[in-house]
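Data block below; observations after.
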């Protein structure tokens, strides 16, 4: 699979933010007195925090969560291999993009990595949320990206579905081994960023 351009999810893909997100979610669940006995980490990976709020909580739950998560998320770190991967893509003539459900705080978290991206789309751009392909289609059309040479990279099924809906290739980063059966049928399934470097997705 010859890929030149990469559209990246942010949380849990470029940056290891899920531990703090999960901590904030657990605290807000306790605050709201919600009794949930399922695997919370699995739920938010398979679906989303927004779906959890919709299924189990009151309307103010998601706002409370976002306030606490922003307060707790003080040491935001990218996966160690990510800077070299991004720089390598650019060095080979490719482009990187971000499509994130996080707001414009994304720019702050990216910091020195931001110049490695041609465009960064956040929730403040008001595109339809993944798996709707609206944001991806916008990038494909704006930058004349060849779908067969473009991949959506993410850690959740909704990222992969967004890529499939946009007609591009897909790479599922499954660090926790939750989606080992690859039921969503991503073109490439990896468990570490070393796996990414060893695959032929960039050649």
> Got a sec? Which helices (runs of 4 or more DSSP H) wholly within segment 127-203 have at least 1 residues that are more than 17 Å from the chain's Cα centre (by Cα)?
Replying inline: 134-142, 193-198
>> Please count how many residues of segment 33-65 are out of contact with any helix residue (DSSP H, G or I) (no Cβ under 7 Å at 6 or more places or on another chain), crowded, with 16+ Cβ neighbours inside 10 Å and not in a loop (DSSP other than H, G, I, E, B).
In response: 1
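In the list 52, 10, 43, which residue meets the criterion of being modelled with pLDDT of 90 or more, within 20 Å of the chain's Cα centre (by Cα) and in the same structural domain as residue 172 (by TED's automatic domain parsing)?
So the residue among 52, 10, 43 that is modelled with pLDDT of 90 or more, within 20 Å of the chain's Cα centre (by Cα) and in the same structural domain as residue 172 (by TED's automatic domain parsing) is 10.
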> Has segment 100-110 got at least one residue that is free of Cβ contacts under 8 Å to residues at least 60 places away in the same chain and closer than 23 Å to residue 189 by Cβ?
Replying inline: no
>> Of everything in segment 66-82, what is within 16 Å of the chain's Cα centre (by Cα) and either more than 22 Å from residue 16 (Cα to Cα) or assigned to a helix (DSSP H, G or I) (or both)? Give them in sequence order.
In response: 82
> buried (at least 17 other Cβ atoms within 10 Å of the Cβ), touching a strand residue (DSSP E or B) at 6+ places or on another chain (Cβ under 6 Å), in the same structural domain as residue 156 (by TED's automatic domain parsing) and within 18 Å of residue 156 (Cα to Cα): does that describe residue 97?
Replying inline: yes
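The values are calculated or read from the model by the stated rules, or taken from the named source; none is laboratory data. Because the structure is predicted, anything quoted here is derived from the model rather than measured. Don't worry about glycine lacking a Cβ; one is built from the backbone with ideal geometry, like all the others, and counts go over all protein chains shown.
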